[in-house]
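Colleague: Pasting a structure below so you can have a look.
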Amino acid sequence: MAVKKWIQGGRLATGMLMVQAIATGLQLLSRLILNQGSFIFAYVFYRHVVGAICVAPFALFWERGNGKKLSWLIFFWLFVVALTGITMAMGLFYYGLGDTTATYTTNFLNLIPIVTFLLSTILRIEELRLNTRAGKIKTMAAILCLGGALVIAFYKGKAFHVPHLNVEKLSILKTTKPREWTRGTIFLVCSCLSYSLCFISQVKLFQLFPYKFWSTFYTCIIASVQQVAVGLCIDRSKAAWHLGWNLELVTIFYSGSLATSVSFCLISWAISKRGPTYPSMFNPLSLVFVAIAEAFFLGEVITIGSLLGMFLIIVGLYSFLWAKNKETEAIFKTIRANGEVEKRSVESATTVVPALSPQDDIKYGNKEQQTDAAVLTRVEGLAG
């Protein structure tokens with residue numbers, strides 16, 4: 001039994017590493033096509049069309065017949081989730097990515113759980129619980145993560161290069177637009193807020209429509225319509241919406257198949273075995289992977305400020321996840337001891353912890369895990 005548990009644990013860890021590697025590839029590919037002038041809303045539109053096509057077989061096989069259980073109220077929450085979590089959040093994220101770097105934007109992806117916690121506290125969905133050890137650690141972790149973000153934004157320090165690479169010879173890596181760090185940071189902060197609103201909205205959606213594959217399918221379809229509407233208001237030229245045999249087409253199919261379907265299945269499997277917190281523990285690895293990949297393949301510099309900020313964010317995020325896990329366990333123990341399910345207490349004590357992507361809505365586990373898992377989302381890079 002010990003050997004079987006060890007092997008299964010290794011398989012789970014390998015699967016989560018694959019998820020982060022896929023997210024890293026998506027971040028780099030997305031930055032390349034944006035630097036080459038791809039229209040953002042056309043890209044996310046085609047991406048989610050492919051994502052819907054890839055998820056449809058899972059919905060038809062695993063949740064056959066449940067897709068018809070729709071109402072106007074459910075449609076409203078699907079629309080809200082698609083608007084906040086895909087159209088707004090991903091649109092703003094990719095505009096921020098186009099103005100900065102992949103490493104810089106990935107830092108903000110790791111801040112989403114903290115921003116969600118702060119927003120939930122302001123809206124009185126979450127309690128600080130400063131009278132408990134876990135509550136104090138959560139608060140300190142949030143401060144640590146925000147401090148890391150400020151360090152990255154305002155302090156650069158000494159820069160390190162990878163001298164043996166001559167990326168100027170690779171035309172695919174050339175940047176065609178100048179960097180706009182201030183504007184990009186504003187876009188990324190707004191993206192974090194949109195993601196947080198999306199994860200809070202998913203709590204209500206999964207109470208009404210607890211079918212993860214159909215929710216993902218409908219969300220992708222609704223978001224695609226929204227993206228067309230917004231995109232046509234910005235750019236109606238045929239050139240902006242034209243698809244050719246180029247890197248953008250590769251990125252679209254990569255994101256729709258690997259970053260949506262494969263990562264979705266791997267995260268589903270991990271949550272069913274270890275609970276909703278387990279995949280989130282691997283999210284900071286994408287930050288390390290992206291930083292290394294950008295330095296080696298795109299010739300980006302690594303600064304002292306970025307390294308220090310990454311360290312603070314990673315420590316803060318792991319501390320937050322540990323404290324949140326302990327707090328949730330304590331709540332469930334109290335519920336079991338009382339012999340009844342206090343639904344309101346569980347919901348107020350459970351913070352939304354996103355993984356890499358807003359369009360992949362998840363509800364897993366046994367009844368003790370459902371509230372937390374219902375709003376755990378893969379982070380395709382979240383925005384990936």
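Colleague: When 1/r is averaged over all different Cα pairs and the result inverted, which Kirkwood radius in Å belongs to the stretch 114-160?
Modeller: Taking every pair of different Cα atoms in the stretch 114-160, averaging 1/r and inverting gives 12.1 Å.
Colleague: Using mean Cβ contacts within 10 Å as the protection proxy, how do 316-325, 17-26 order, highest first?
Modeller: 17-26, 316-325
Colleague: Next up: Return one whole number: the accessible area per residue of the stretch 30-160 in Å², for a 1.4 Å probe.
Modeller: With the other protein chains kept in place, the stretch 30-160 gives 44 Å² per residue.
Colleague: Accessible area per residue for the stretch 238-325 in Å², computed with a 1.4 Å probe and the full protein assembly in place, what is it?
Modeller: 41 Å²
Colleague: In sequence order, what are the phi-derived ³J(HN,Hα) couplings for the stretch 22-39 according to the Karplus relation 6.51 cos²θ - 1.76 cosθ + 1.60 with θ = phi - 60°, rounded to whole Hz, with x for glycine and proline?
Modeller: Result, rounded to whole Hz: 5, 5, 5, x, 5, 4, 5, 5, 5, 5, 4, 6, 5, 5, 8, x, 5, 6.
Colleague: Let me ask something else about it. What are the trypsin sites (Lys or Arg not before Pro) within the stretch 1-106 that DSSP puts in a loop, where the Cβ has at most 13 other Cβ atoms within 10 Å?
Modeller: In loop regions of the stretch 1-106 (DSSP not H, G, I, E or B), the sparsely surrounded trypsin sites (Lys or Arg not before Pro) are ARG64, LYS69.
Colleague: Could you order peptides 183-190, 216-223, 119-126 by the average number of other Cβ atoms within 10 Å of their residues, highest first?
Modeller: Result, highest mean first: 216-223, 183-190, 119-126.
Colleague: Right, next: Can you list the residues, at least 5 places off or on another chain, whose amide H is less than 5 Å from the amide H of PHE160, using H built in the peptide plane?
Modeller: The answer is ILE302, THR303.
Colleague: Give me the extension gain from TRP322 to LEU150: residue separation times 0.36 nm, minus the current Cα-Cα distance, reported in nm with one decimal.
Modeller: Result for the pair: 59.6 nm of gain on full extension.
Colleague: On to the next question. How long are the three semi-axes of the equivalent ellipsoid for the stretch 1-99, computed from the Cα gyration tensor as the root of 5 times each eigenvalue, in whole Å, largest first?
Modeller: Here the semi-axes work out to 29, 26, 12 Å.
Colleague: To continue, here is another question. Could you list, in their original order, any pairs among LYS69/LYS212; LYS69/LYS204; LYS68/LYS273; LYS68/LYS212; LYS136/LYS324; LYS204/LYS326 whose Cα atoms are separated by more than 18 Å?
Modeller: LYS68/LYS273; LYS204/LYS326
Colleague: Between LYS333 and PHE75, what is 0.36 nm times their sequence separation minus the Cα-Cα distance? Round to one decimal in nm.
Modeller: 89.4 nm
The values are calculated or read from the model by the stated rules, or taken from the named source; none is laboratory data. Model, not experiment: these values are computed from the prediction. FYI the Cβ positions are ideal-geometry reconstructions off the backbone, even for glycines, and counts take in every protein chain you see. Please note that ligands, DNA and RNA were not included when accessible areas were found on the heavy atoms of the full protein model with its side chains. Shrake-Rupley method; radii C 1.70, N 1.55, O 1.52, S 1.80 Å.
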